[in-house]
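Structure first, then comments.
The values are calculated or read from the model by the stated rules, or taken from the named source; none is laboratory data. It should be emphasised that the depicted structure is a prediction, and the values quoted were computed from it without experimental measurement. Using ideal geometry, Cβ is built from the backbone for each residue, glycine included, and neighbour counts are taken over all protein chains shown.
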Amino acid sequence: MTGSLLVAAMNFHTLLFYLFASLACGFAVGVVVADNVVRMALYLVLSLGATAGLFFLAGAEFIGAMQLMIYVGGTLVLLVFGVMLTAQAPFVSIKTSASDRVLAGVVAASLLALLLQAAFSVEAWRRPGLGEVAPPAATPIGTALVGVRVDDPPPGTPPGVRSGYLLPFEIVSVHLLVVLVGAAYLARAKRRRTPRAIEVAASVAPPVDERRRAGGSASALTAGGVR
Amino acid sequence: MNPVALGTIVPLMAVADGVSVSHYLVVGAILFTAGIVCMAVKRNALGVLMGIELVLNGANVNFVAFASPYLRGQGATSLGIDGQVIALFVILLAAAEAAVALAITLAFYNNHATVDVDRADDLKG
Amino acid sequence: MDLSAQLPLLLGLAWLAPLVSFVAILFFGPKMGPHGRNAAWVATAAIVTSLVLSLLAAGNWLAAHPVEVSHHAAGDHGGPHTVGPVAYAGDWYTLYRGGDLRLSIGWYIDALTVLMFVVVTFIATCIHVYASGYMHDELHDVTDHEVHLSGGGHLHRPGRFPRFFQALSLFCFSMLGIVIAGNLAMVFIFWELVGICSWFLIGFYYERKSASTAANKAFIVNRVGDFGMLIGLMALWGALGTLQFADSTVPGADGAATVRPGLFSLVRPATNGHAIQVPDGMVKFAAAAELAKTPAGDVAGKIDTWRSMGFGRWLLFIAGLGIFCGCVGKSAQFPLFVWLPDAMEGPTPVSALVHSATMVAAGVYLVGRFYPVLTPDVLLVIAYVGAITLFIAATIALVANDIKRVLAYSTVSQLGYMMLALGVGGWSAGLFHLVTHAFFKSLLFLCSGSVIHACHTNDMRKMGGLARVMPWTAGTMLVGCLAIIGAGIPFVAGLSGYYSKDAILAQALSFSRANPAHSILFLAVAGGAFLTAFYMFRLWFMTFAGEPRDHHVAEHAHESPTVMVAPLVALTVLAVAAGWTLPGGFSLPNLLEQARPAGTAEGMAGGFAFGSLVFPAEHESHEGAVHVTATLTAFSTALAGVLLAALMYLWRIVSPAVVATIFKPAYAFLAGRWYFDELYHALFVVPVLGVAQLASGTDRGVIDRIIDGLAWAARQLAGIDAWIDRTIVDGLVNATARATWSAGLELKKLQTGHLRQYVMFIVVGTVALFVLASLLFRTTMAG
């Protein structure tokens, strides 16, 4: 009975895994393949969302939640902002040359092969998962971040005192502060005597619907004077 | 490609026996590779940033796989909480880095009226 | 204060007074009056002080030691002089004392010293006064017509009036130093000093090549003589350990005063009756081999044996001969006389003082002072040297046309006379002639200076008939000429030269009679008297008598100013009267007798090198047939000479030109001065110059070439090093730099600035690393 439930659970689990995995990989490939940067952004969001699902399936529900909140809800939104800010006709879809793409593909394939080989190289990783359920990870993670370890060490880990993550927590906090200040400074609007290039460009080449609708990279390219 | 690996992926997928760490690692590999390709191919700076996010994400998947109690095989060890914390930090740092990168991109865009990375070769030797 | 302290004080001050003048003029000369005019007064004042002090000393001497009438005048030969002459000796300052040797500044004062002081200071005074007028040209800028500059024209220089008197003062100081010297070392010091002064004075017009050459010649020829003198000094010091003339008392080690014998006592000891003998020191020195074999106690007894065997006589001979060599140089004897005629390049006062009366007389004076140590052999050598000199110089003077040259050769000849006189045993005669010669020769030179001053030429062929315009000069010069030929009324009276020449002739005759083998010495004297008379009156007639030969000269001739004529008169008086015996018995010969060295009054016999010689006693020559023959010979030869000169130059009966043509080879030989200068040039100057050329050639050709070669080699090496440094070392460094640069340039191309390319590189690199790692470390990646 338990075995069959387990099998059912396992199967359900496996099914969901394959679903999310294919979504993640597919949309990731979609990011690669897409020309339009806005579409790329969408595919990325979806891919990362699927990844969050994968996290949930792996038992790291806190991390999955954080993925959705911080990564998808914060970082990618930021990215989308960036896309929107710079999504002018000439830049929305810029194509690279075919040779570059082929070369990149070849290299990526070799890298993928390497990684896959590595993934299957250790016998212990190939054994199917036992399906143990751990207590929710939020509390242990939270207390660990304050320096107290309340979780049970997984079996097989060597004995000894395990440290908390207070220091890295503080470091990251400061890091984020610095990043905040730095990013604000980097992207500040400077007072200029001469109009900014973007303003010049904006005044020179207003976006035209026909051009955008054409979507042809060549015309866009020539209009933008790129390459 | 390792014939041994090929020999194991197919049965895994066919039998749908149980998901192991390796499955997650494959996903991570694909995400990673996709991210690399994005970085190498995309001329739009934001596309490159997206590639970076994908890479980091692929790494996160790996970490979570190693840390997962579900996926731990017979006689294998898992990272436990440590792996999850690492993944958390990666997310945080990815956010920070994305913010800075975006700031750089916007600054570049403001000065050069373009986000084409091929035009950002002022640092060429 | 008794005489032994008084005399050194007076004569010492007289000696030092010219030194004070020298120092004063040295430092303040140009500031003494306009152009240094008063330097003459300073010098004259100093020498007058010396003269006064000398006269005081002479007066004190005569008061203490009255000159008695000579012994032999009373026909009393007396006994042999067993006591030495009256002499005072002592030391002022000891320069160096090492072992036995003491070098000191000291005095030896006897009648001869006092006499010489008076003579030297008197003549020097006359000449200082004369020179203050004669040298007036030097009071303003001088144009020297005898110096031709390379760019044409004559030398224009400022006058050097003070310097002349500075040198004259130093000379007087040095000459008096020789006279007062108490030991041979001091003599040598002042000997050299006198030589230097002579060099200064001859080369007074040093811009003239002839003058500077003549000065060098004088000094160098003198140094040749001094070399012999040093040998003599060394022989004496080495064998006897002392150079003092007289005995000295020194405090001994035990406090008691010991008497250290001087040279005179060593060579003529009282124990031997003051007869000359080889001293003990020389015997021991020569018999060193025997001495080594003899135990110390027996030495004293054996010395006489060795002496009689003849040990040490050559050493004594060498000692005497060595000292005489110095005199040969200083007194211009054969063969070192060649410097004296050239010394006439100096101003005439210099010729008068230095080269006629005093410096050249220093040699004769030293022979006279050193007489006790001279053995018969040495004396014979001296006599012959004197005879040869006498003859050569007289013959050259026969044909000389420069008035000062005639007088110079005459001086040489007269010095030969003196040496001959001393050599044949006439100690008193020789020194007497020294004194009289000093007077009349300096007179003759000053007169010639007067003539030169008036005619602005030395050439007698341009003179003539000057007696009319220069009566004082002509008169005084006539007196001088008469004095030098020994003019006088035989057996009655005569000028100063009459007496001294007479004495010499008499002693020479006496010697010839005693040593018939050496009769030629008397013939030389007699012949010399004839020649002397001839050339002196030839000089006088050519200059003063007859018609002027050059009207230009005759027009400008004038008598000299009083300041120049007064000394002439003063000297004339002495040239006339120096030989007379004053009532009371004072005469120069009598004064000299007081200084006669012990043991020389009765003559000598001896000699080993040239056979046995007899030196008759001097007083024997003053009486008897010898004296008569000598006087008549002197008179007749002088008269003959004067007559011949008158024939040729006054009455013009015999023409000198015709005679010269008849005897052309002889005339040429004499006119060429016996070609001594050419001989010495070929014998000595040319080889020395050859050696110098060789040395310089070696230095330049060999040594310099070696050095230059080494330098060249070093430079080549340096060049190679430089090339290596530049090409190889620098090349290496530069090549490294270039390689680095080009590598950098190539590698720079990797930095394309394209982001995507960088990503590709990262990925490719990662993949490659992994593959490599998996290949190398199969164990870790084992599937």
Within 27 Å of C:Y88 (Cβ to Cβ), among the hydroxyl-bearing types (S, T, Y) and either at pLDDT 90 or above or touching a strand residue (DSSP E or B) at 6+ places or on another chain (Cβ under 7 Å) (or both): is that true of C:Y384 in this structure?
no
Scan segment B:96-111 and report the pairs whose first residue is under 15 Å from A:V178 (Cβ atoms) and whose second residue is among the charged types (D, E, K, R), with Cβ atoms within less than 7 Å and a gap of 6+ or a chain change.
B:A98/B:E53
Could you tell me which of the residues C:T358, C:T294 is within 21 Å of C:F439 (Cβ to Cβ) and among the β-branched types (V, I, T)?
C:T358
Going through segment A:121-140 in order, the residues found to be at the interface with chain B (Cβ under 8 Å from one of its Cβ atoms), surrounded by fewer than 16 Cβ atoms within 10 Å (Cβ to Cβ) and touching a residue at least 24 places away in the same chain (Cβ under 8 Å) are A:V133
As an exercise: evaluate C:V142 against (1) in contact with a His (Cβ under 8 Å, 6 or more places away or on another chain); (2) within 30 Å of C:W15 (Cα to Cα) and give the number of the one condition it does not meet.
(2)
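One line per residue, one yes/no per condition, for (1) of a type in the set (V, I, T); (2) at the interface with chain A (Cβ under 7 Å from one of its Cβ atoms); (3) crowded, with 20+ Cβ neighbours inside 10 Å; (4) farther than 16 Å from A:A184 by Cα:
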residue: B:R72; (1), (2), (3), (4): no, yes, yes, yes
residue: B:S78; (1), (2), (3), (4): no, yes, yes, yes
residue: B:I81; (1), (2), (3), (4): yes, yes, yes, yes
residue: B:A99; (1), (2), (3), (4): no, yes, yes, no
residue: B:L102; (1), (2), (3), (4): no, yes, yes, no
Helices (runs of 4 or more DSSP H) enclosed by segment C:259-316 - at least 1 residues per element that are without any contact (Cβ under 8 Å) to a residue 12 or more places away in the chain and over 23 Å from C:M604 (Cβ atoms):
C:288-293, C:299-309
Only one of (1) without any contact (Cβ under 8 Å) to a residue 60 or more places away in the chain; (2) closer than 27 Å to B:D82 by Cα; (3) at the interface with another protein chain (Cβ under 7 Å from one of its Cβ atoms) is not met by A:T143, so which one is it?
(3)
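For (1) more than 60 Å from the chain's Cα centre (by Cα); (2) more than 14 Å from chain B (Cβ to nearest Cβ); (3) farther than 30 Å from C:V338 by Cα, each residue gets a yes or a no:
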{"position": "C:D677", "(1), (2), (3)": "no, yes, no"}
{"position": "C:V702", "(1), (2), (3)": "no, yes, yes"}
{"position": "C:I720", "(1), (2), (3)": "yes, yes, yes"}
{"position": "C:T736", "(1), (2), (3)": "yes, yes, yes"}
With criteria (1) hydrophobic (A, V, I, L, M, F, W, C); (2) facing another protein chain (nearest Cβ under 7 Å); (3) over 26 Å from A:I171 (Cβ atoms), B:V64 comes up short on (3)
All but one of (1) at pLDDT 90 or above; (2) in a strand (DSSP E or B) hold for C:L193; state the number of the condition that does not hold.
(2)
Every listed condition ((1) within 25 Å of C:F334 (Cβ to Cβ); (2) among the small types (G, A, S); (3) at pLDDT below 90) holds for C:A617 save (1)
Taking segment C:431-475 as the region of interest, how many residues are over 20 Å from C:A566 (Cα atoms) and among the hydrophobic types (A, V, I, L, M, F, W, C)?
6
One residue from B:I36, B:I30, B:I104, B:I91 being touching a Cys at 6+ places or on another chain (Cβ under 7 Å) and assigned to a helix (DSSP H, G or I)
B:I30
For segment C:289-299, state whether one or more residues are under 29 Å from C:L366 (Cβ atoms) and touching a helix residue (DSSP H, G or I) at 6+ places or on another chain (Cβ under 9 Å).
no
Residues to consider are C:G709, C:G641; find the one that is outside the structural domain of C:L336 (by TED's automatic domain parsing) and among the small types (G, A, S).
C:G709
Residue under question is B:M13, and the condition is that it be assigned to a helix (DSSP H, G or I) and either facing chain A (nearest Cβ under 7 Å) or modelled with pLDDT of 90 or more (or both); does it hold?
no
Can you spot a residue in segment C:677-696 that is in contact with a helix residue (DSSP H, G or I) (Cβ under 9 Å, 6 or more places away or on another chain) and buried (at least 18 other Cβ atoms within 10 Å of the Cβ)?
no
How do the helices (runs of 4 or more DSSP H) wholly within segment A:44-108 filter down when requiring 2 or more residues that are within 7 Å of chain B (Cβ to nearest Cβ), buried (at least 18 other Cβ atoms within 10 Å of the Cβ) and under 17 Å from the mean Cα position of the chain (by Cα): which remain?
A:61-66, A:76-86
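One line per residue, one yes/no per condition, for (1) over 28 Å from the mean Cα position of the chain (by Cα); (2) crowded, with 24+ Cβ neighbours inside 10 Å:
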site	(1), (2)
C:L495	yes, yes
C:K501	no, yes
C:S510	yes, yes
C:N515	yes, no
C:L523	yes, no
C:F530	yes, no
C:F534	yes, yes
Would you be able to say whether some residue in segment A:155-171 is outside any helix (DSSP H, G or I), under 30 Å from C:I762 (Cβ atoms) and within 8 Å of another protein chain (Cβ to nearest Cβ)?
yes
Regarding C:F777, is this residue closer than 29 Å to A:V102 by Cα and among the aromatic types (F, W, Y)?
no
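For (1) more than 14 Å from chain B (Cβ to nearest Cβ); (2) outside any helix (DSSP H, G or I); (3) touching a strand residue (DSSP E or B) at 6+ places or on another chain (Cβ under 7 Å); (4) not polar (S, T, N, Q), each residue gets a yes or a no:
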{"site": "C:L683", "(1), (2), (3), (4)": "yes, no, no, yes"}
{"site": "C:L689", "(1), (2), (3), (4)": "yes, no, no, yes"}
{"site": "C:I707", "(1), (2), (3), (4)": "yes, no, no, yes"}
{"site": "C:L732", "(1), (2), (3), (4)": "yes, no, no, yes"}
{"site": "C:A743", "(1), (2), (3), (4)": "no, no, no, yes"}
{"site": "C:G753", "(1), (2), (3), (4)": "no, yes, no, yes"}
{"site": "C:V759", "(1), (2), (3), (4)": "no, no, no, yes"}
{"site": "C:T766", "(1), (2), (3), (4)": "no, no, no, no"}
Does C:P30 count as at pLDDT below 90, part of a helix (DSSP H, G or I), touching a helix residue (DSSP H, G or I) at 6+ places or on another chain (Cβ under 8 Å) and not β-branched (V, I, T)?
yes
